[in-house]
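The values are calculated or read from the model by the stated rules, or taken from the named source; none is laboratory data. Model, not experiment: these values are computed from the prediction. As a convention, Cβ positions derive from the backbone with ideal geometry for all residues, glycine included, and neighbour counts pool all protein chains shown. Heads up: the accessible areas ignore ligands, DNA and RNA and are worked out on the full protein's heavy atoms, side chains in. Shrake-Rupley method; radii C 1.70, N 1.55, O 1.52, S 1.80 Å.
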Amino acid sequence: MKIDLHSHTTCSDGALTPEELIMRAQQMQLDVLAITDHDTIAGIAQAKAYLEKTSNKLQILSGVEISTRWHGYEIHVLGLNVDEQDEVFLGRLQTQQQKREQRSQSIIEKLQKAGIDIELSEVKSRAKGVVSRGHFAQVLVSKQICAHPQQAFTQYLGKDKKAYATPKWIDLATSIQWIKEAKGQAVLAHPYHYDMTTKWLRRLLTEFSAAGGEGMEVQHTNLAKAKHDLMVELAIEHKLLASVGSDFHAPSRWTELGKRLQLPDTILPIWHDWTHLTRPA
Ligand code: AMP
Ligand code: MN
Ligand code: MN
Ligand code: MN
C-alpha cells in the first residue's frame, strides 16, 4: 500500500493543478493521496472529478493544512478526512484566507521599506489560489533579488527577517476544534521542521494531544533516520498515531509523491481504522 497524506496543488503553493497532481500520483502508483493545501480545500472536488474520468486504483482523501500560532511558532496542523460540504468549516477557512491577504499586504510594505520594488499584483499573478510566502519567494528569485527560494526565506521572509510579518493565525487548539467539528482528524504537520528543542517539542505534543489532536507526521522523504526514530518515539510516548507525507509542492530532485514513506511495525498508523479505504492497509 503506497500512501501519502500531505500534498499541495495550485490552489495554494503547489506547482501542479489538482488534475496534474492526480496524474502524477497515478504515475507514482500511489494507492492513497490526501490533498492538503494551505487553508483551503478548493482543489479536492476538482481532483475527485478528474479521478472519476480515469480508471485507477488511486483514492483521494480530503485534507487541509491549517496555519496556527503557538508560543510564537507557526505550527501547521493537517485536517484529514474533513467534510468538504461543511459550510461552517468553509467559512472558517475563509477567515484564514483573509488573514493571509492582510499578511501579504504587510509583507509587501516591509519589502518596499527594505528598498525592494515589488507589487502585490506580481505575487498574486503567480498564485492561482491561496497566496503563501512560497509565492513571494518565487517573485524574489524571478527578479534576481535572491538566488533561490531558500535565500528569500533566510534574508526576507523567514521568522524575524526583514520582511517577516507576524501572522494572526488561530491558535493550535482552535484548529483542532475546527477539524473535529468538520469530522476530520487532526495531525501535527512536520514536527521535525519547527526548529525547537526536544523539550519544547514534548510540550507541543502534550498540548496537541490534550486538545484532541490524534496523530503526527513521523516520516518524510528526506528525513534523517535519527530524527525519524525520535519522532516515532515521541509519537508513542504521547499516544499519537503516525502519519506520513511527502509535503509535495513540485517535482524536484528531492521530493516525490509517496517516496520513502514507510513506517516501522512498532507504531499504529493514522489510517489503521479507516473503513473508507477500499484495500486493507
Ligand atoms: P505560509 O504558509 O504563507 O507561511 O508559507 C509557508 C510555505 O512557504 C511552506 O509551506 C513552504 O511551501 C514555503 N517555505 C517555507 N520555508 C521555506 C524555505 N526555507 N524555503 C523554501 N520554501 C519555504
Ligand atoms: Mn507550502
Ligand atoms: Mn507546512
Ligand atoms: Mn505542506
- Item | Simple spin-label estimate for Tyr73 and Lys199 in nanometres, 7 Å along Cα-Cβ | 1.4
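Expressed as a whole percentage, what fraction of the accessible surface of the stretch 1-156 belongs to carbon and sulfur atoms when a 1.4 Å probe is rolled over the protein heavy atoms?
Here carbon and sulfur together make up 46 percent of the probe-accessible area.
What fraction, in whole percent, of alpha-carbon pairs in the stretch 91-176 exceed 15 Å separation?
Distances greater than 15 Å cover 58 percent of the Cα pairs.
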- Message: Please compute the modelled spin-label separation between Glu84 and Leu277, points set 7 Å along Cα→Cβ, answer in nm with one decimal.
- Response: 2.0
- Message: Taking the solvent-accessible surface of protein heavy atoms with a 1.4 Å probe, what is the per residue accessible area of the stretch 76-118 in Å²?
- Response: 50
- Note on the structure: At the level of C-alpha centres, the distance separating the stretch 45-92 and the stretch 111-165, in angstrom, is 26
- Note on the structure: Quick calc of log₁₀ I(q)/I(0), the chain, Debye, one scatterer on every Cα, no solvent, q values 0.07, 0.12 1/Å, result -0.24, -0.74
- Task: Over the stretch 149-205, give the accessible area per residue in Å² for a 1.4 Å probe, as an integer.
- Result: 49
- State, as an integer percentage, the relative contact order of the chain based on alpha-carbon contacts under 8 Å between residues 6 or more apart. 21
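What's the local net charge at Ala235, with K and R +1, D and E -1, over the other residues with C-beta under 13 Å away?
-2
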- May I have the pair-distance distribution P(r) for the stretch 37-118, computed from all Cα-Cα distances with 10 Å bins from 0 and rounded to whole percent? 15, 35, 28, 16, 6, 0
- Note on the structure: Counting only protein heavy atoms and rolling a 1.4 Å probe, one gets per residue an accessible area for the stretch 1-74 in Å² of 33
- Item | Percentage, to the nearest whole number, of Cα pairs in the stretch 1-156 over 28 Å apart | 27
- Rounded to the nearest 0.05, what FRET efficiency do Glu233 and Ser121 have when you use their Cβ-Cβ distance and R0 = 51 Å? 0.60
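Please give the charge dipole size of the chain, origin at the Cα centre, charges +1 on K and R Cβ atoms and -1 on D and E Cβ atoms. Round to the nearest 20 debye.
Value, rounded to 20: 680 debye.
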- Task: Please report the relative contact order for the stretch 1-113, taking Cα pairs under 8 Å with a sequence separation of at least 6, and give it as a percent rounded to a whole number.
- Result: 22
- Query: Does anyone have the angle between helix 42-52 and the longest principal axis of the chain? Alpha-carbon axes, 0 to 90°, nearest 10?
  - Reply: 50
- May I ask you to give the percent of accessible area on the stretch 232-281 that is carbon plus sulfur, with a probe radius of 1.4 Å? 56
- Message: At q = 0.20, 0.21 Å⁻¹, what log₁₀ I(q)/I(0) does the stretch 72-136 have when each alpha carbon counts as one equal point scatterer in the Debye sum?
- Response: -0.93, -0.98
- Item | Accessible area in the full protein assembly, largest first, 1.4 Å probe, for Arg103, Arg126, Arg253, Arg133 | Arg253, Arg126, Arg133, Arg103
